[in-house]
Amino acid sequence: QQQLVESGGGLVQPGGSLRLSCAASGKIFSIGAMNWYRQAPGKERELVATITNDGTTSYIDSVKGRFIISRDNAKNTVYLQMNSLKPEDTARYYCNAQVKPYRYLDFRNVWGQGTQVTVSS
């Protein structure tokens with residue numbers, strides 16, 4: 001069994017910053033791409049940022065230049081540094097990763113429970 005546990009959400013004023021963390025645990029041989037998604041009330045879940053296991057990153061247009069995704073492979077952890085936050089960034093943020101539990105098994109798609117980010121004055 002593999003788990004992803006997010007932390008770092010909270011309430012922040014517009015223009016502020018937050019850093020989300022997501023740690024993977026359980027039986028892990030390797031981790032492929034790691035992603036941050038978000039879902040606002042009444043909206044579909046959207047992919048915010050991706051980082052591959054070689055460090056290649058990608059972002060949706062609305063967060064480019066403000067958010068930075070990074071990972072620490074030794075700690076099986078992915079981060080999302082969020083700067084210049086806007087009210088429209090308010091959502092529940094979910095961590096997602098492709099996890100290989102053993103060398104000869106396929107990658108599994110694993111989700112965290114999410115952490116709430118609220119941007120409001």
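Below are the figures for this structure:
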| item | result |
| --- | --- |
| All positions within the stretch 17-27 that are exposed (fewer than 14 other Cβ atoms within 10 Å of the Cβ) and small (Gly, Ala, Ser) | Ser17, Ser25, Gly26 |
| Which numbered condition Ala23 misses (of (1) over 17 Å from Ala91 (Cα atoms); (2) not in a strand (DSSP E or B)) | (2) |
| Residue count for the stretch 43-65, restricted to those that are open to solvent by less than 90 Å² (accessible area, probe 1.4 Å) and over 14 Å from Glu88 (Cβ atoms) | 11 |
| Wholly within the stretch 28-77, strands (runs of 3 or more DSSP E) carrying at least 2 residues that are in contact with a helix residue (DSSP H, G or I) (Cβ under 9 Å, 6 or more places away or on another chain) | 30-39, 46-51 |
| Test: residue in the stretch 108-121 that is on the phi > 0 side of the Ramachandran plot, part of a loop (DSSP other than H, G, I, E, B) and either open to solvent by 30 Å² or more (accessible area, probe 1.4 Å) or free of Cβ contacts under 8 Å to residues at least 40 places away in the same chain (or both) | no |
| The stretch 68-91: number of residues that are under 14 Å from the mean Cα position of the chain (by Cα) and free of Cβ contacts under 8 Å to residues at least 60 places away in the same chain | 10 |
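The values are calculated or read from the model by the stated rules, or taken from the named source; none is laboratory data. Treat the numbers as computed from the prediction; the structure is a model and nothing was measured. Every residue, glycine as well, gets a Cβ built from its backbone with ideal geometry; the counts of neighbours run over all protein chains shown. These area figures cover heavy atoms from the full protein model, side chains too; ligands, DNA and RNA do not enter into them. Shrake-Rupley method; radii C 1.70, N 1.55, O 1.52, S 1.80 Å.
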